[in-house]
Amino acid sequence: MQQGSGGDQAGDAPPGVRVDWRVPPPRPGLAGAVDRFFGPGRSRRENLAEAGAHLLVLSLLAGYVLRQARGQHWSVVEIVVTAVIAVDLVGGVLTNATNAAKRWYHRPGQRARRLGFVAAHLAYPVVVTLLPAAGADPAWLLANAALLLVAAIVVESAPVDVKRLIAMALYLVAVLVNLTFLPLAPAYAWFPLLFYLKLLVCFLVLEAPLVLSETDGSRREGTVR
């Protein structure tokens, strides 16, 4: 089935599941701005699952950082910036794994926008390099900028049948290069894991939006209006 066909065909998905590429129009007003960022048509189930997962992962991550940073003095700026980065990366991993985001960011004509979104995230390594608590240096920054841009172009250019495989391989390469040759301070060891997972795997990989066939007729049922 071709992306954007709006329907399902026999053999597209296992019994009880169907593929649905239909993109509902964004809602009017401020809600529409949210839809254009996260993807319109999110179901209540997606919202609840993401909210619960976000709280769980952030709680575990906060515990990890506090344990690794014990005895160190972090400035208020470092604490606030680290919290913002963590919230965004965890949220990005989860949001970009939703059906709504897959439909929205992988609809026709979005390639330049996807690459622009990835390139904009170069600001994160720059910020991390400026945080003494992270233990990064200019060599770390340049290496990760090159890793991100090259990997993103390769993933975006890869044939669809191997795109997910290549994205996973490059994700592992980026993480292992960081852990082996470009290690950050222990309290910041999570950064490359979440950073590259969000962008290379969750955001750039085209995956079929799967829905329960029982919802046939209207995927808008159960969505937040």
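The values are calculated or read from the model by the stated rules, or taken from the named source; none is laboratory data. Being a predicted model, the structure only gives us computed values, none of them experimental. Here Cβ is always computed from backbone atoms with ideal geometry, including for glycine, and neighbour counts include all displayed protein chains. Please note that ligands, DNA and RNA were not included when accessible areas were found on the heavy atoms of the full protein model with its side chains. Shrake-Rupley method; radii C 1.70, N 1.55, O 1.52, S 1.80 Å.
All but one of (1) charged (D, E, K, R); (2) open to solvent by 40 Å² or more (accessible area, probe 1.4 Å); (3) closer than 20 Å to Gly92 by Cβ hold for Asp137; state the number of the condition that does not hold.
(3)
Considering (1) assigned to a helix (DSSP H, G or I); (2) more than 17 Å from Val34 (Cα to Cα); (3) touching a residue at least 60 places away in the same chain (Cβ under 8 Å); (4) open to solvent by less than 70 Å² (accessible area, probe 1.4 Å), say which one Ala83 fails and leave the rest.
In the conditions (1) assigned to a helix (DSSP H, G or I); (2) more than 17 Å from Val34 (Cα to Cα); (3) touching a residue at least 60 places away in the same chain (Cβ under 8 Å); (4) open to solvent by less than 70 Å² (accessible area, probe 1.4 Å), Ala83 misses (3) alone.
From the list Leu58, Leu142, pick out the single residue that is under 17 Å from the mean Cα position of the chain (by Cα), under 23 Å from Asn178 (Cβ atoms) and open to solvent by 30 Å² or more (accessible area, probe 1.4 Å). Even if it seems obvious, please write down each step before you answer.
Values: Leu142 fails: under 17 Å from the mean Cα position of the chain (by Cα).
Every option except Leu58 fails the conditions.
Report, ordered by the first and then the second residue, all pairs with beta carbons closer than 6 Å, sequence separation of six or more or different chains, a first member in the range 27-41 that is touching a residue at least 40 places away in the same chain (Cβ under 8 Å), and a second member that is of a type in the set (Gly, Ala, Ser).
Pairs that qualify, where the first residue is touching a residue at least 40 places away in the same chain (Cβ under 8 Å) and the partner is of a type in the set (Gly, Ala, Ser), are Gly39/Ala100; Gly39/Ala101; Gly41/Ala100.
Only residues that are surrounded by 14 or more Cβ atoms within 10 Å (Cβ to Cβ) and either in contact (Cβ under 8 Å) with a residue 40 or more places away in the chain or of a type in the set (Ser, Thr, Tyr) (or both): list them for the range 148-157, please.
Kept after step one, since they are surrounded by 14 or more Cβ atoms within 10 Å (Cβ to Cβ), are these residues of the range 148-157: 148-149, 151-152, 154-156.
Answer for the range 148-157, where residues must be surrounded by 14 or more Cβ atoms within 10 Å (Cβ to Cβ) and either in contact (Cβ under 8 Å) with a residue 40 or more places away in the chain or of a type in the set (Ser, Thr, Tyr) (or both): Leu148, Ala151, Ala152, Val155, Glu156.
Does Glu46 count as touching a Pro at 6+ places or on another chain (Cβ under 8 Å) and of a type in the set (Asp, Glu)? Step through it out loud before you land on a result.
Values: touching a Pro at 6+ places or on another chain (Cβ under 8 Å): no; of a type in the set (Asp, Glu): yes.
Here the answer is no, as Glu46 does not meet what is asked.
Please go through the range 102-147 and give me each residue that is closer than 22 Å to Phe37 by Cβ and of a type in the set (Phe, Trp, Tyr), ordered by number.
Residues satisfying the conditions are Trp104, Tyr105, Phe117, Tyr124.
Taking Val93, is it crowded, with 17+ Cβ neighbours inside 10 Å, of a type in the set (Val, Ile, Thr) and modelled with pLDDT under 95? I'd like the intermediate steps shown before the answer.
Numbers: crowded, with 17+ Cβ neighbours inside 10 Å: yes; of a type in the set (Val, Ile, Thr): yes; modelled with pLDDT under 95: no.
Criteria not met by Val93.
Consider Gly63 against the criteria (1) more than 18 Å from Gly135 (Cα to Cα); (2) within 21 Å of the chain's Cα centre (by Cα): it satisfies all of them except one. Which criterion is unmet?
For Gly63, the failing item is (2).
Search the range 171-185 for residues that are over 18 Å from Val150 (Cα atoms) and pair each with any residue that is open to solvent by less than 40 Å² (accessible area, probe 1.4 Å) and outside any helix (DSSP H, G or I) when their beta-carbon atoms are under 7 Å apart and the residues are at least 6 apart or on different chains.
Hits for this filter: Leu184/Ala136.
Checking the condition under 24 Å from Val77 (Cβ atoms) and part of a loop (DSSP other than H, G, I, E, B), which residue from Ala136, Ala145, Ala97 passes?
On the way: Ala145 fails: part of a loop (DSSP other than H, G, I, E, B); Ala97 fails: under 24 Å from Val77 (Cβ atoms).
Among Ala136, Ala145, Ala97, only Ala136 is under 24 Å from Val77 (Cβ atoms) and part of a loop (DSSP other than H, G, I, E, B).
Inside the range 148-171, can you point out the residues that are closer than 22 Å to Arg107 by Cβ and either of a type in the set (Ser, Thr, Tyr) or not in a helix (DSSP H, G or I) (or both)?
Passing the criteria: Ser157, Ala158, Pro159.
Can you find a residue that is under 23 Å from Gln68 (Cα atoms) and open to solvent by 10 Å² or more (accessible area, probe 1.4 Å) anywhere in the range 158-169?
no
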